[in-house]
Every structure is written in structure tokens, then in C-alpha cells.
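The values are calculated or read from the model by the stated rules, or taken from the named source; none is laboratory data. Here the structure is a predicted model, which is why all the values come from computation and not from measurement. Here the Cβ positions follow ideal geometry from the backbone for every residue, glycine too, while neighbour counts run over all protein chains shown. Side chains are part of the model used for accessible areas, which takes the heavy atoms of the whole protein and leaves out ligands, DNA and RNA. Shrake-Rupley method; radii C 1.70, N 1.55, O 1.52, S 1.80 Å.
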Amino acid sequence: MKKIILFISILVAIFSNSYAQADFSINGYLKTDNRMLIDDNSFTWNENQLGLKFEGSYSDNYHLFSEVRLRGFGFPEIYQAADLQSKDKVDKWQLEFREAYLDLYQFGLQDLDVRIGRQIITWGTADRLNPTSNICPEDLEDIFNFGEQSGVNSVLATYYLENFTFSGVYVPTFTPAVLPSGIFASALSEPMEFPEGMTLRKYWDKIILPEQKFTESSQAAFKIGTNLFDYDLSVSYYYGRDDLPLLNKVIINPVDTLGTVDASVEMIYPKMQIIGADFAGSLLDVGIWGEAALTIPNEVEMQTIVGDSITKSIALKNDPYCKFVIGGDYTFKNGIYLNTQFLHGFIHERGNDDLNDYLTLRIEKKFFNDELKIVPIGGAISVTDWDDYKNNYGFVANPEIIYCPYDNIELLFGAYIIDGKGSNMFSNLKGNDEIYFKVKVSF
Amino acid sequence: MKKKAITITMLLILACGSVYAQTHLAEDILKNADAVVNAPQDQEISLKMTLTDKGGNEKIREMKMYQKGDEMRLVRFLSPADQKGVSFLSLPDDIQYIYLPAFNKVRRIASHIKNDNFAGTDFSYDDMSASKYAEEHDATLLEKTDILYILELIPKPGVEKSYSKLKMWVRQDNFYPVKVEFYDKNSTLWKLFESRNIKKHGEYWIASEAEMTDIKKQHSTKMITEKIELDKGLSDKIFTKRNLKRAK
């Protein structure tokens, strides 16, 4: 902890000293986020954050930015007396290095900007659900905070030519996605099924990360954007890896003759190419947008080893599959704002047979000069089988009240109500209805 | 009988001619008003906005505004902290973009939002664009006082506005619009815009204070010019999506 405080103090000192020399600023925020299960009033989320943003430039030719978060997150993990001697276990905290990059404007060429360093690159025109945004890994720690991504060390070059924008990105190293934690850990994975009569005794899993070398961990992406007939349009290409692990090996070892087994699994991050396209504009008075991502994965073999017997199958076919989202928003004369999106294929879904349909909806109304915002209807609905939708659906409803009594202060109170039938992302989380209270103070 | 008919026809022609002349005069006044407000080739302005609610509580916003001609404008928030970096770009052909740093995205503003309040102020996104009243309204001269012209402006057919009409007070000596009343669709007074401290900066007339009051909400936004630089030769590149995302 002392090292962290020293590190932040040094950063503050460096930037404070630079005030006199250039246009530098330090901003930040304090955030608390607490959640409780409605059913049994147990607390599920306990988070406090201090975020610091350092930003500045000595000239018009460059700009630097960094954001770090000091975060207390989780609950005490005490199992024995000795744990009480560890402050990390009594009061868990972590330092998150979100972004730290340098912008070089007109770098070598008048119309070329380059951004180097750890950065979050978001492509696509949709709201928070962007199938064409694949450069940065998903941060799914908070499963309901769709679209959150982690920063990656990369180089982004953007060249502007009249009405066109050409972007190219290179990411040398691979960073996997952060998966949901706590009670929502199973949100994105189906439970493992064993043949009848087989009982699991022990389970291990192993994640095989790609080697951090040019040919294995590198990712690259390109995008061309323009404006045509009053619509913003772009096409993109990504070469890299899926940031969510894929099961490709299962080893089952019988322990006795009664059907008890030990199981271990291996997971890898498959290579893939993604061709994307997006648009945004207006149709009459309605704002509309859409994006589509055609994914071409490398084929991944699946090995199932039971004792001495090895069975091979396909874990991921190399058949292309397309995820897409289309959405729109509109503000009615009475000030009610409506935002809706239809999504085919969620972040974790792969292959044509695995893509499900989702509908997101948010209706909000502001009062008292934007001090109070009420979201009576918000959330998402999933349908996994339209032929039998009554038994294959799930939803999360997210009503919310946001109150800003003063500048820079935001209080949020809301709930996640989850229900559904069949096996899908939301119905798997059924019974975990939560209420939450969040506070954010910006400075 | 024939004489009577000729007299009536003459009177009608005179009346129509007078109406035509009045309309023509009103449109000229409006064009002059636009021209005087947008006269500088370009402007770089540091602004302080004070938002006051009906209880007298105040909120402060600081921003920088760049304008070139009468069609390109970029507004960037400097404070408060939770709005720092939020930027708005207005381009010809009614194209508007907003940059929200929290999402790291530039978004096109659809027309349904253009009449919404801009960042909690009493100005709409449309108001934040460079003023082009003559292009979007038909004008009628209601009255001429000793020092002012009073015009009524109705949105031209096909121009969608959240108000039904405007009433504008324009100074006769320099054509600067000093007051505009906004009427809602029920023709009830809704908002009031006033320009104050109108002084000459070089060859241009500039109002260093402006205030928009929402009569219904009893809420006002006062905009004070803290620093203004004119005809600096601002590049067109300032008014681009590329620059919108820039920190400065």
C-alpha cells in the first residue's frame, strides 16, 4: 500500500510541478458502489474507487493522458486467524492502470495523428454493445456494465484525407478478457454436463495463453470511415484472437468403478479475423445506427480423453458467422427519451448455432433542469428459441433513478430484476435480483 | 361603378405593395441582424455560464467557443469536472456532433435532440449552433420604435423547431438583435433571450453578455464573455471530428 501511495504521490508531484511549465491538469473522481440481493439481503458488491486522470501538453503537437484507479473491492477473505494479519485479506484493494498514452499530432505528415501507449480503443456506432470493437479485451467483471473494456498497450495511427479517415492499430501483446465474478460468475458459461451415472470428484482447469511473441500474440486492425449522404459509415478489419477462452480439451479420469471421476479441462484463445461495418445517421427525426461483424475463426479441435480413450471433435468450426446490432433513439415532445437496440450474438457467443437474439430498451425522462433522471424501463430481453419463446427467454430489468443535487455529484439508485426460462444468459442468473446504490463525485 | 372598382383595385395594389415592402424590409433587417452577429471572419471566445434556478441556486460552466463564418462552431466544456471535455461541433447543412469523453466516442446528433437543452443549460443544441435566423424564418415587421425594429419570425415551411414563433427586437443603429422571445406551439411565451453590453471591438459589434431565460421553468443561463479574439485566421481543421476529440 505504501508503494501505491508513493507512486501516486510521485505522479501528482510530477504533474503539479509541470503546471508551471505547461497546460497540465489533474482531475478525477470518487465512486462507491454497493449492491444487495433482494431475496436474502446479502451484500454482493462492495466497491470504492479513487480515479485520477492526468492530462496535459507542452505544445500543440502532443498530448498525454493517464488514468489510474485505486480501488477497494470485495469483502474480507478470512478463513483462519493468520489471515487477520494480512491487510490485503481484511481490506482488499487493487491499483488499476486503465490508460497511459501519448498523442502525437501531425506526426511526420500534416494529416497524421498517432497515439502510443496503453489505451482503450472503441470502434462501432452502437450503444455499448459493439460487435466491431474487438481490439481491447472485454472487462466483464460487472456483467451488467456492457461494453466496458480494458486498456491495451498499442499504437493507433489515424490519417485524415478530406472526407475519409484511415485508422490502423497494432497491439503486440495479448490480454484476455476479465470474466464476471461473484454470484454472476456463471453468467457466460453453461454448466458442465456428464453422462448419467458419472459423478465428479475433483475438477481443475487450465488456461493456455498465447505466447507473448510477434507471431502468436500480435493483433492488428484497420478502419476506413467516411460520411456519405449524411450518414457516417465505416468498414473495418481485425486480425487477432478471441479474448474469451474456448474449451478444447477435457480429460476425465475414473477414480472407482462406481462412476466417480476427476476431470480437468484446457482452454485456449482461438485466432480469428473479423470484417466489420457500421453506420450512424438519422431517418426523419429518429437517430439510427447499426453495425455488423463477420467473424472468420480458425478451426479449433476438441479432445475428450476418458481413461485411455481419445475422442476428437470440433470445438469451433471455421465457418464464418455474423453478429450485428441495429438501434435507434428518439426524444418525444414531452421530453421522454427512448433508446432501443436489437442485437444478434452477444459478446460470449460463437458460431452460427450459438448466436441468440437480444433486445435492449431504455426509457428515461429528466426533471428539474436535468438534476433528476428517472429510468422507469431499462434492461434487456433475450430469446434463444423463437419457436418456443415462452420457454426460452430471459430478461434483466434495470429501473434506475439518477439524482445530481450539485455539479459533479451523482447519486444512483436502481435494481436488477432477472427472470427467464430455459437456458440463457439471464435465466441462468435467475434468483439474483439486486438493488444498488452508487455515488460518484468528480473533481 | 367602374370608378369605384378601379379605386378598390388601386387600394388593394397599394395595400399588397405595402405588405410586400414591409416583408421585404423585415427580411432585410433580419439578414442584417444575422450579418452583424456573424460579422467576424472567426472568433475564439472564453465563456462563463451561470445557471440559476428559481430558488436562486447557481451552477457555473466554463467553456471555449470557436466560430468561423456563420456555419461552423465548436464548443468545448472546461468545467465542471464531470463535464470537462464534452464538446459540440456544428457544421453546415445542419450537421452536429457531440464528443463525450466518458465513452471516447464522437456521436452524430440526430434532429430529435436538437431542440433539447444543451448540457443542462437553457440553450438548446440548436441555439448553440451559429445563428442563422434569416435562413430558417419568414420575417414580418411588427413595429418600428425610435431605436428598435420589432420583428415576428415564423419558421419557414419544412423547418422543424420546438417553438411556433419568435419576436425579435433589433437595434436600428447597428442591426444588433437585443432581445428574442420564443413562443411555444400554443403561442405562450416560453423563453427569453437578451444580449447586453453590446460594444465595438475593432470594426465589429459584440455582446459580451447574453442570457436565456426559460419563463416556464423559471431558470436562466447567463453567458459572459471573459475573453474574445477576433479574426485570428482559425483553420477549418478546428471544425472537424478529428479536433473534436482533442483535449485542447
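Summary of values
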read-out: Viscosity 0.890 mPa s, temperature 25 °C, Stokes-Einstein D of segment A:293-443 from Kirkwood C-alpha radius, µm²/s; value: 132
read-out: DSSP-defined antiparallel bridges as percent of all bridges, chain A, nearest 5; value: 95
read-out: Unit charges at the beta carbon, dipole of the protein assembly as shown: most positive-side option, A:LEU244, A:THR132, B:LEU244; value: B:LEU244
read-out: Segment A:171-217: projected area of the alpha-carbon convex hull, averaged over directions, in nm²; value: 5.4
read-out: Solvent exposure of segment A:212-262 as accessible area per residue, Å², 1.4 Å probe; value: 51
read-out: Theoretical ellipticity at 222 nm over chain B - DSSP helices of four or more residues, -39500 (n - 2.57) apiece, nearest 500; value: -6000 deg cm²/dmol
read-out: Over chain A: helical MRE at 222 nm, DSSP H runs n ≥ 4 each giving -39500 (n - 2.57), nearest 500; value: -1500 deg cm²/dmol
read-out: Over 24 Å [Cα-Cα, segment B:157-248], rounded percent; value: 45
read-out: Loop-located GluC sites (Glu not before Pro) in segment B:177-248 whose Cβ has at most 14 other Cβ within 10 Å (DSSP); value: B:GLU203
read-out: Chain B - accessible surface per residue (Å², probe 1.4 Å); value: 49
read-out: Positive-end residue, segment B:5-244 charge dipole about Cα centroid, Cβ charges, pick of B:PHE118, B:THR140, B:TYR183; value: B:PHE118
read-out: Kirkwood hydrodynamic radius over Cα pairs of segment B:5-244, then Stokes diffusion coefficient at 25 °C and 0.890 mPa s, in µm²/s; value: 128
read-out: Helix A:2-19 vs. chain A, principal-axis angle (Cα, 0 to 90°, nearest 10); value: 20
read-out: Summed buried accessible area for A+B [probe radius 1.4 Å, Å², rounded to 100]; value: 3000
read-out: Prolate/oblate/rounded label for chain A (Cα gyration tensor, a/c 1.5); value: rounded
read-out: Cα centroid separation, segment A:279-342 to segment A:50-88 (Å); value: 33
read-out: Dipole of the protein assembly as shown, positive end: most advanced residue of A:LEU284, B:LEU78, A:TYR393 [Cβ charges, Cα centre]; value: B:LEU78
read-out: Sequence-separation-based contact order of chain A, relative, with Cα cut under 8 Å and 6+ spacing, percent; value: 11
read-out: Amide H within-cut-off set for B:LYS105, under 5 Å, with H built and near neighbours excluded; value: B:LEU100
read-out: Minimum 20 Å² accessible area buried by the other protein chains, segment B:185-225 residues, probe 1.4 Å, relative to alone; value: B:LYS217, B:HIS219
read-out: Largest-first ordering by accessible area, 1.4 Å probe, given options A:TRP45, B:TRP190; value: B:TRP190, A:TRP45
read-out: Members of segment A:262-297 that become less accessible by 50 Å² or more once partner protein chains are added (1.4 angstrom probe, chain alone as reference); value: A:ASP285
read-out: Chain B: angle of helix B:2-37 to the longest principal axis, Cα-based, in degrees nearest 10; value: 20
read-out: Carbon + sulfur, % of accessible area of chain B - ligands and nucleic acids excluded, 1.4 Å; value: 54
read-out: Cα-centre dipole for segment B:5-244 with unit charges at Cβ (Lys and Arg positive, Asp and Glu negative), debye to 20; value: 820
